[in-house]
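Visitor: I'd like to ask some things about the structure below.
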Amino acid sequence: MKYLTFEIENYKGIQKTSLDLEGRMNPGIYTLVGLNESGKTTLLEALDFLRNGIDASAINATNLIPRRRRSSFTGAVQVTALLSLTDQDKHKLDDIAVSGGFKNIILPDTIKFIRSFHYEKSEYKGENSYTEIDISASKKDSKKEPAILDRDGNPDLFEVIDDFVLESLPVVVYYSDFLYDFPPKIYIDEGALSPVQKFYKNVFEDILTSLDVDLSLKELADRIQNPKSGHADQVDALMNQLTDKVTKDVFRKWNEIFGKKHEDKKIRFESGIEKVEEDKPSRVFIKVSLIDGPDPYQIRERSLGFKWFFAFLLLTIFRKHRKKDQDEMLYLLDEPASNLHPTAQKKILQTIKDLGEGNSRLVYTTHSHFLINPEWLEGAFIVKNNALDEEEDPLYSDSKATDIVAIKYRTFAAEHPKQEEYFQPILDTLDYQPSNLEMIEPLVITEGKFDFYTYTYLKKHYFEKYKGLNFYPGGGAGSNDKAIALYLAWAKRFCVLHDSDKGGKLAKEHYFKRFGEHLLEGVCITYEDINSSWTKNTTESLFNSTDLLKIQQTLYPDELTYKKDYFNEAVQKLIIENKKVELGKRTIQNFERVFKRFGSNLMN
């Protein structure tokens, strides 16, 4: 199974919203951007609720009701997932139906799974988790044509289907603030555990499984607590194995990301027993410490950034060894790397990308523009509270007014261009607004985002010798005044490239008039300035027709005629998947001429 969309109703501050994880441009990584208290964490909690549920007896279930309705709420807090079915899922459902006395079974491609908490006048009444599926069949002894089966008429069948779907739901892994709270001791016995201890007990079990030593956590705890002849030596040997493996794997990844070697550091594992309460059994624990020079340190004694990154690496490296997680996994990360410095945040993007590959996908929240990857913008959402007036003073706004929604970035930017504060991290990334200590140059300002994607793709796969060039996704012909003014003020190297159509030529005249032709001569250019025969050229016209279609068909294989929108989508998908399409000689020669012009203007 695979999650396609989530629909959330009455969950804390959410009245009703949805999160779409599908589409042709699906990057597999989804970024939630919004103001403080806008509801990003609530969205992650709702996704986790759908898959993992909540023990209503262990929490105040009233806290799940929207704040404004807590005094008297009758209804359901509900999360619904639309899932696609694999052939294996359909085979199992077919077997279930046959065992239930049905034949001629027709199964859909998708199903819905719903989890809800029900309330009457804000009093929790119970949970209901069930499946909605349009399954058609006929009874084995019937000659009737297959008809859609309903739950009321076939309760036993649907009870088995519910159990199968609940067991088969793709795993959702929510990493919240536990990443900052690495415990001094991880208890691994069968005693009661706090949520943080449960979390890190599972982490340790993943690490143990990675050794492939055929030893369960319970067996290890028994050997530590009741040592027999030879058991103590076996435990010590296992702790040494864990020390060597985790040190090697974690710091290898650390070195890849930060480009530094930490050969003098070691992650040490030790086992122990302690008496927590006099009338209770002793507890078995594993202690994890960092050996840095002559002295050991508890992990929790290090900085927030170190604790987060160390825990994150443990999770990303060893979680894949959990045996029951064989299908798709959906990771949820709340404000990852927020305590790391900007350089580390930028480098952590590759680790986030690794976590979202294969059968895994990832949803994460962020306030930092360093953690925005332009290649993932098709999976970016703006999270906002629609109940608040954007013009209102937040000190006087109604703090109980909540209507949290998630809107696709592209849609939000088009419909709410003045509400920049919600997507400022994205603007900071796309608009190249560096600090005074990191002025990016040389810069090529393209006419729009699609030209930006095209040149980014070509530079990576065909013109790597020009890797020093940076491309800026402009806002359209004549709309790049701000970027031009900044780079002129900074006296930095840049170039503005427009199509040589009417709009591009008018934009060039506009910039000449505003900033002075003497400042922009040879800097603000059209394709006609590069080649006098390119009098009406656009970026797409530099490709030969065969190459345009070849690229387009990587995403739309059945389309036999070139369509600009399809082509632009295909380029973005190629960037996301890091795939190279072999281009013809004329196409490469045309773009070589353009890159050469950039190089002579900006890189000498």
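Visitor: Tell me which of these GLY100 doesn't satisfy, since it passes every other one: (1) within 22 Å of THR365 (Cβ to Cβ); (2) surrounded by fewer than 20 Cβ atoms within 10 Å (Cβ to Cβ).
Guide: (1)
Visitor: Here are some conditions: (1) farther than 21 Å from LEU506 by Cα; (2) at pLDDT 90 or above; (3) open to solvent by 20 Å² or more (accessible area, probe 1.4 Å). MET603 meets all but one. Which one does it not meet?
Guide: (2)
Visitor: Among the residues of segment 541-553, count how many are open to solvent by 50 Å² or more (accessible area, probe 1.4 Å) and in a loop (DSSP other than H, G, I, E, B).
Guide: Of the residues in segment 541-553, 1 are open to solvent by 50 Å² or more (accessible area, probe 1.4 Å) and in a loop (DSSP other than H, G, I, E, B).
Visitor: Would you point out which residue out of LYS536, LYS449 is touching a residue at least 24 places away in the same chain (Cβ under 8 Å), among the basic types (Lys, Arg) and either within 24 Å of TRP376 (Cα to Cα) or buried (at least 21 other Cβ atoms within 10 Å of the Cβ) (or both)?
Guide: Going through LYS536, LYS449 in turn, just one is touching a residue at least 24 places away in the same chain (Cβ under 8 Å), among the basic types (Lys, Arg) and either within 24 Å of TRP376 (Cα to Cα) or buried (at least 21 other Cβ atoms within 10 Å of the Cβ) (or both): LYS449.
Visitor: Kindly indicate whether any position in segment 377-389 is farther than 20 Å from GLU256 by Cα, out of contact with any Phe, Trp or Tyr (no Cβ under 6 Å at 6 or more places or on another chain) and modelled with pLDDT under 70.
Guide: Within segment 377-389, one or more residues are farther than 20 Å from GLU256 by Cα, out of contact with any Phe, Trp or Tyr (no Cβ under 6 Å at 6 or more places or on another chain) and modelled with pLDDT under 70.
Visitor: State whether one or more residues within segment 487-500 are touching a residue at least 60 places away in the same chain (Cβ under 8 Å) and open to solvent by 60 Å² or more (accessible area, probe 1.4 Å).
Guide: Scanning segment 487-500, I find at least one residue that is touching a residue at least 60 places away in the same chain (Cβ under 8 Å) and open to solvent by 60 Å² or more (accessible area, probe 1.4 Å), so the answer is yes.
Visitor: Could you please find all residues in segment 141-171 being in a helix (DSSP H, G or I), in contact with a Leu (Cβ under 9 Å, 6 or more places away or on another chain) and either under 15 Å from SER99 (Cβ atoms) or open to solvent by 80 Å² or more (accessible area, probe 1.4 Å) (or both)?
Guide: LEU157, PHE158, ILE161, PHE164
Visitor: Among the candidates GLU517, GLU509, GLU540, which residue alone is under 21 Å from TYR453 (Cα atoms) and among the charged types (D, E, K, R)?
Guide: Selected residue: GLU540, the only one of GLU517, GLU509, GLU540 that is under 21 Å from TYR453 (Cα atoms) and among the charged types (D, E, K, R).
Visitor: Among the residues that make up segment 274-290, is at least one of them surrounded by fewer than 16 Cβ atoms within 10 Å (Cβ to Cβ), under 36 Å from the mean Cα position of the chain (by Cα) and under 27 Å from GLU190 (Cα atoms)?
Guide: No, segment 274-290 contains no residue that is surrounded by fewer than 16 Cβ atoms within 10 Å (Cβ to Cβ), under 36 Å from the mean Cα position of the chain (by Cα) and under 27 Å from GLU190 (Cα atoms).
Visitor: Here's something else I'd like to know. Mind listing whichever residues of segment 108-135 are touching a His at 6+ places or on another chain (Cβ under 8 Å) and either among the basic types (Lys, Arg) or crowded, with 20+ Cβ neighbours inside 10 Å (or both)?
Guide: LYS125 - this is the single residue of segment 108-135 that is touching a His at 6+ places or on another chain (Cβ under 8 Å) and either among the basic types (Lys, Arg) or crowded, with 20+ Cβ neighbours inside 10 Å (or both).
Visitor: On the given criteria, is TYR556 modelled with pLDDT under 90 and assigned to a helix (DSSP H, G or I)?
Guide: no
Visitor: Of all residues in segment 490-503, which are within 22 Å of SER600 (Cα to Cα) and not basic (Lys, Arg)?
Guide: TRP490, ALA491, PHE494, CYS495, VAL496, LEU497, HIS498, ASP499, SER500 - these are the residues of segment 490-503 that are within 22 Å of SER600 (Cα to Cα) and not basic (Lys, Arg).
The values are calculated or read from the model by the stated rules, or taken from the named source; none is laboratory data. What you see is a predicted model; the values in this text were computed from it and never measured. Every residue, glycine as well, gets a Cβ built from its backbone with ideal geometry; the counts of neighbours run over all protein chains shown. Quick note on the areas: whole protein, heavy atoms, side chains included, nothing else; ligands and nucleic acids left out. Shrake-Rupley method; radii C 1.70, N 1.55, O 1.52, S 1.80 Å.
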